[in-house]
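Working notes, beginning with the structure itself.
The values are calculated or read from the model by the stated rules, or taken from the named source; none is laboratory data. None of these values were measured; they are calculated from a predicted model. Reconstructed Cβ throughout: ideal geometry from the backbone, glycine too, with neighbour counts over all protein chains shown. For the accessible areas, the whole protein counts, side chains as well, though only heavy atoms, and no ligand, DNA or RNA atoms are used. Shrake-Rupley method; radii C 1.70, N 1.55, O 1.52, S 1.80 Å.
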Amino acid sequence: MKIEMSGTSTAAENIRRCLTILYGTPVGSVALDREFGLDWNFVDLPTEVAKAKMSAEIIGKTRKYEPRVMVQEVQWETSGEGELKPKVVIQIV
């Protein structure tokens, strides 16, 4: 997953690190906060449905766990093998 964010300050790098951890953690795997992380259970759904559900998951979890930023959009990149990769465009608020 790519995170696109303007700024190279210490705060921006801290935010990027926090988002990388949030997006890379499977939901349910953190003992004291089972909601932390992303749910990937919709990867086998039809492409447009999976993209919509994943976008909603990214936006909702970012809003909840990283209030210093706002998701402007989630873009999707496709590999030649049909693999979808989200690119999250972030604005620091």
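Heavy atoms of the protein chains alone define the surface here; on that basis the range 27-93 has 65 Å² accessible area per residue at 1.4 Å probe size.
Let's test the formula: R0 of 22 Å, r as the Cβ-Cβ distance of residue 91 and residue 25. What FRET efficiency results, to the nearest 0.05? It comes to 0.45.
Around the Cα centre of the chain, unit charges on the Cβ atoms of Lys, Arg, Asp and Glu (plus for the first two, minus for the last two) sum to a dipole of about 320 debye. The fraction of accessible area contributed by carbon and sulfur in the chain is 53 percent, rounded to a whole number (1.4 Å probe; ligands and nucleic acids excluded). Under 5 Å between amide hydrogens, which residues at least 5 positions from residue 38 or on another chain qualify, with H placed 1.01 Å from N in the peptide plane? Sorted by chain and number, the residues that satisfy this are 25, 27.
Within the shell of other residues whose beta carbon sits under 11 angstrom from the beta carbon of residue 76, the net charge comes to 0, with Lys and Arg scored +1 and Asp and Glu -1. Our summary gives the chain a relative contact order of 31 percent, counting only alpha carbon pairs under 8 angstrom and 6 or more residues apart. Considering all C-alpha pairs of the range 5-54, those separated by over 17 Å amount to 52%. Counting only DSSP beta bridges whose two residues both lie in the chain, roughly 65 percent are antiparallel. Each residue of the range 59-67 was assigned a 3J(HN,Hα) from its phi angle through the Karplus expression (A = 6.51, B = -1.76, C = 1.60, θ = phi - 60°), giving 5, x, 6, 5, 4, 6, 9, 9, x Hz with x at Gly and Pro. With K and R counted +1 and D and E -1, the other residues having a Cβ less than 13 Å from that of residue 86 yield a net charge of +1.
For the chain, a Kirkwood hydrodynamic radius built from all Cα pairs, placed in the Stokes-Einstein relation at 37 °C and 0.692 mPa s, yields a translational diffusion coefficient of 238 µm²/s.
If the chain linking residue 59 and residue 79 were pulled fully straight, counting 0.36 nm for each residue of separation and taking away their Cα-Cα distance, it would gain 4.9 nm.
Amide H to amide H, with H built 1.01 Å from N, residue 3 comes under 5 Å of 88, counting only residues 5 or more places away or on other chains. Ordering 29, 91, 47 by the projection of their Cα atoms onto the charge dipole of the chain, which places +1 on the Cβ of Lys and Arg and -1 on the Cβ of Asp and Glu, puts 91 at the extreme positive end. What the phi angles of the range 15-24 give under the Karplus curve with 6.51, -1.76 and 1.60, with θ = phi - 60°, is a coupling list of 4, 4, 5, 4, 5, 4, 5, 4, 6, x Hz, glycine and proline written as x.
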